[in-house]
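What follows is a single structure, written as C-alpha cells, with notes after it.
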Amino acid sequence: MGNQILSTFPSSENRAGPSIYAGVFGISLATLMYEILLTRIFSVTLFYHFAFMAISIAMFGMTVGGIVVYLHPAYSAAEDAPRLMGRSGLLFSLWMILGTLTHLFVPFYAESSLRGVASMTLTFASLSTAFVYSGICVCLALTKFPRQVSSLYAADLAGAALGCVILIGVFKFANGLGAVFVAALLAALSSMIVQLRDHHEKCFRSTVFASAILAIFVAANGFAASRGRALLDLIWVKGGLEGVHVYEKWNSFSRICVLGDPDIPICPVDEGTSPTYPANTAVHALPLTIDADAETTLTAFAGDFRTVDYLKCDVKEIVHYIRPDSHVLIIGAGGGRDILAALAFDQPSVEAVEMNQDIIATLNGKFGEFTGHLDRNPRVKFINDEGRSYLARSHDKFDIIQASFIDTWAATAAGAFALTENGLYTVEAWKLFLSRLSPSGAISFSRWFVPGHPQETYRLTALAATSLVGLGVSNPRAHIILVRNAWRREGSRFLGGAATMLVSMTPFSETDIDKIETVARQMKFIIVLSPRTAADPTFADLASGRNLRNVAARVRSNVSPPTDNQPFFFQMGKIGDLFRAAPLTRSINEVTDAAHLLGTMLLIITGLTGFCIVLPLAMTGGGNSQSGIWPSVLYFAAIGMGFMLIEVSQMQRLMIFLGHPTYALSVVLFTLLLSSGLGSYATQGAGNSNLQRQGALRLGVLVGTLCVFDVMTRSALVSFESSTTPVRILVGIVILFPLGFLMGMPFPLGMKAATGNNSSLTPWLWGINGGTSVCASVLAVVISVYAGISAAFWTGVACYAIAWICFLQPWWRAKRNSAPIQTASGNALASI
C-alpha cells in the first residue's frame, strides 16, 4: 500500500526563506496593531453605532484579499510569491496612511441621507483597503509555500501576538494617529525584508523611500508629542469639529483631552446639581473628556472649601448628608470632583481608586497646581487600580463606597464590543461591595435618569434588590433609597438628569429617611424610591426582590439584573430588538440599547460571508465541477467561527477577572495568538501518511479539552479573584496557554490536507476561514448579551466538534465500505 500513498503536497519545490518568515511576522504584527488602533481612533471619532461596524467591515478586507489571490491569475504562480508579497506589503503600509487620513479629514455624517451614506461608504472603503493588501500578503505566504504552512502560520500568529503588546509601549511616545504611522513603518520595513529575496527594482526603491519618510515622521511626531502638541491630530470627533484643547494623552484604552482656558471661569452646574443653585455662579474649571464623550471636571482649588460649596448641592453627593464622619472609598476618581465633595463635607478619610493612570497623572501632575494637589492632602489616598479588583483584595471596611457615572458613553463608544461590559454592575460585584461596608455603611451609585424612560435606574434597582436578597435580606426595599434631581429645563419644566441610589446592608433608619426628605425639599430633588414611597409601581415591584422576571417582562427594555455571565449592564435591548429599525442619531436613552446595531451587523457580515463563499464558485464554475468541496468549506468555516467565539468569550470573562480592558485585550490576544503559533509549529510532523491519524487525534484532544475547560476556568477565576494583578494575569496566561496551543493546530492541518487535493483552492478556503471569523466576532457578542458568555463559549466548542467530524468523514466512509485508506491526502478532508 506504501506505493499507493500520494504525497500530501504538490511535487514542485517552493520553499520560504528567512525573509519570508520575517515578512509574515512583521506584516501580521502591523495588521493587529492597526486593527487595535482603529478601535481606539473610532472610540473617539465615531458614535458607538458605527465603531463596531467599521472594525468588522475593515477586517473583512483580509477575507477579500484571500479571494483576490484565488481569483486573480497574477497570483497563481508560486515562484512570484515573494515579489507579490513585497508589493502588497508596501501597498498595505501606504493604505494605512491614506485610509486614516481620509477618515481624519472627511467628516462622518451619522444621518440617513445621501451625504451620510457617501461619508460612511468612503470611510469604510478607504480603511478596508489596507486590510485587503495585508490579506493578500499573508494569504500568499500560507498558500504558496505548502510544505512550511505550519511554521509560517506560527510566524503569522507570533507576529500578531507581539503586535497587541507592543502597541502599549508605542503609546508612551505617540498619540493615536502617530501610532498609525509606526504601524505603517513596520509594514514597510517588513515589505522591504521580503523583497530582499526576489524584488522588482522600482518597487524595492519605493519601499526604501517610503520607509525613510515614515521613519522621519515617526521621530518628529514623537518629539512633538512629548512637548504636548503632536504634528497630526484629530479634526472631526463624534460628528463635529473638536474644540481647542490644552492637553491630550493617548493610551491603549482611552484618549483624555483637557479643554478650555484655566483663566476663564465656567458655570459649575452639571447633570447632578440642584436647580436651586444660582445659575449665574461661575468657577475656574477645565472639562476633561474621555474619548471625546464622557466628561469629568478639573476644578480649580486653592485650599478654601467655601469655593466648592456648590458640590453640596449635587445629588451625587447626597450620601454625605446621612453618613458624616465616614471612611470613604470613591471608585473612579476622574477629575477629583467627588474627592473635593467628600472633603467639603469634612469626611476624615478618602480613598480614590482610578484605573486610568493618565487621568491621575493629569489631575495631580500636569494640572496639579490648578487642582490644588489633592494627592498631597493627608486625608486623601489615590490608588491606580480597578475598583472591584481593589475591593476584592482589601479587607478594610468602608462607611461609603461611591461610584458616580462610571462607564457611561465612554464604555458604549468603545467600538470593540467585547470590552463594553463592566464588572462593577453585576450581582457578584454588588455582593462584594456590600460585604465591604461597615455595619451602617452605604454604597452610592449615580446613573442617568430620563423621565418616562428610566431604564438605567430600573435596572439599577433590580440589581440592588437581587444582590441584597442573595445576601439574605428578606425585605430589600427597606435598604434602598433612590433620589434624582431636576436640572434640565424646557421652558419652565424640569426634565431630569442624574439619579443616585443608596444601598445599605442594614435598613435605613427613620432618621436617615427624614434627613433625605429634608435635603430633597431644600434642593428640589425628587425621591423616586424609599422605604416610604415609590414614584411608580415598577420601582416598588423591582425593589421587592420578588418575581423580578415577571416585572422585567412588562418593561420595554431589558432591566434584569446583570451577572458575571451576562455583565452587559448598558446593553438593554431585548432579543426582539435585534432586527428592529432604529434611528441613526443618539440620545441618553438610546445609547444604552445596541440591539439594533448587533442585528444589523449580524445580517451584513453573514451576507458578506455568504457572498465570499458563493461568488468565487460562480466565477470559476466550481459549484458544478467540485461537488466534494463542501465538507472542506464547512471545516474551515467551523474552525474560523470556533476560534473567534472562544477568543471573544474568554476576553469577556477575563475582563471581569482582570478588571481592566487593556489587561483583558493584551492577555487574551497575546496568550492565545502566541500559544496558537506554537501549536501550529507543532504540526510540522503531521503530513503524508500520518496526516489522517495525527489530525483526528489532535482535533479530538482539542474538543475534549474544551469540554472540561469551562468548568475548570470558572473555578480558577473564583479562587484567584482576590489575588494581586500580576498573579491574576499569570493565572489568565496559564489557563489560556494550553487551550491556544491546541486551537493553533486545526488550520495548518486543514491546509495540508486541502493542498494535497487541489492547492489552487487554498486561498479561497483561507478567505472563508477569515470571513467566518469576522462573522463569529459579531455572533459571539449577540450570544453573550442574550444567552451569556458560557453559551458563546459552548457554541465555539460545537464549531470545533463539527470541524472534527468533517475531518473524520472520509475515514468513516472508508471504514463503512471496508475499503483501505487510499491516501492521506484523499482522506484527511473531503476530496476537493
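Among the conditions (1) within 23 Å of THR371 (Cβ to Cβ); (2) at pLDDT below 85; (3) open to solvent by 30 Å² or more (accessible area, probe 1.4 Å); (4) not small (Gly, Ala, Ser), the only one that HIS245 does not satisfy is (3). Here LYS515, LYS524 are screened, and the one residue that is at pLDDT 95 or above and open to solvent by 20 Å² or more (accessible area, probe 1.4 Å) is LYS515.
Return yes when LEU91 is under 24 Å from the mean Cα position of the chain (by Cα), under 30 Å from LEU232 (Cα atoms) and either of a type in the set (A, V, I, L, M, F, W, C) or surrounded by fewer than 16 Cβ atoms within 10 Å (Cβ to Cβ) (or both) and no when it is not. For LEU91, the condition - under 24 Å from the mean Cα position of the chain (by Cα), under 30 Å from LEU232 (Cα atoms) and either of a type in the set (A, V, I, L, M, F, W, C) or surrounded by fewer than 16 Cβ atoms within 10 Å (Cβ to Cβ) (or both) - is not met.
Looking at the structure I just gave you, is VAL106 modelled with pLDDT under 90 and open to solvent by 10 Å² or more (accessible area, probe 1.4 Å)? Taking the combined requirement at face value, the residue satisfies it.
Checked against (1) in contact with a Ser or Thr (Cβ under 6 Å, 6 or more places away or on another chain); (2) at pLDDT below 95, LYS366 meets all criteria but (1). If you go through the range 281-339 and pick out every residue that is in a loop (DSSP other than H, G, I, E, B) and touching a residue at least 12 places away in the same chain (Cβ under 8 Å), you end up with 20. Taken over the range 344-360, the criterion of being part of a helix (DSSP H, G or I) and either within 16 Å of SER444 (Cβ to Cβ) or touching a residue at least 40 places away in the same chain (Cβ under 8 Å) (or both) is satisfied by ALA344, GLN357, ASP358, ILE359. Within the range 218-229, the set of residues being touching a residue at least 12 places away in the same chain (Cβ under 8 Å), open to solvent by 20 Å² or more (accessible area, probe 1.4 Å) and within 15 Å of ALA179 (Cα to Cα) comprises VAL218, ALA225, SER226.
No other residue among LEU739, LEU691 is buried (at least 16 other Cβ atoms within 10 Å of the Cβ), touching a residue at least 24 places away in the same chain (Cβ under 8 Å) and under 24 Å from the mean Cα position of the chain (by Cα) apart from LEU739.
Restricting attention to the range 425-436 and to residues that are of a type outside the set (D, E, K, R) and open to solvent by 10 Å² or more (accessible area, probe 1.4 Å), the residue that is nearest to ALA465 (Cα to Cα) turns out to be VAL427. Residues that are closer than 18 Å to ASP396 by Cα and either of a type in the set (Ser, Thr, Tyr) or outside any helix (DSSP H, G or I) (or both) within the range 428-468 comprise SER435, ARG436, LEU437, SER438, PRO439, SER440, GLY441, ALA442, ILE443, SER444, listed in sequence order.
For the range 546-557, enumerate the residues that are surrounded by 16 or more Cβ atoms within 10 Å (Cβ to Cβ) and either among the hydrophobic types (A, V, I, L, M, F, W, C) or more than 32 Å from the chain's Cα centre (by Cα) (or both).
LEU548, VAL551, ALA552, VAL555
If the condition is being open to solvent by less than 30 Å² (accessible area, probe 1.4 Å), at pLDDT below 80 and in contact with a Phe, Trp or Tyr (Cβ under 6 Å, 6 or more places away or on another chain), then the range 565-612 contributes VAL591, THR592, GLY599.
Can you name the residue in the range 367-401 that is assigned to a helix (DSSP H, G or I), closer than 24 Å to LEU259 by Cα and out of contact with any strand residue (DSSP E or B) (no Cβ under 6 Å at 6 or more places or on another chain) and is also least open to solvent (accessible area, probe 1.4 Å) among such residues?
Looking at residues that are assigned to a helix (DSSP H, G or I), closer than 24 Å to LEU259 by Cα and out of contact with any strand residue (DSSP E or B) (no Cβ under 6 Å at 6 or more places or on another chain), I get GLY368.
The values are calculated or read from the model by the stated rules, or taken from the named source; none is laboratory data. The model shown is predicted, which means the values in this text are computed figures rather than measured ones. In this analysis, Cβ positions are derived from the backbone assuming ideal geometry, glycine residues included, and neighbour counts consider all displayed protein chains. Only protein heavy atoms, including side chains, enter the accessible area calculation; ligands, DNA and RNA are left aside. Shrake-Rupley method; radii C 1.70, N 1.55, O 1.52, S 1.80 Å.
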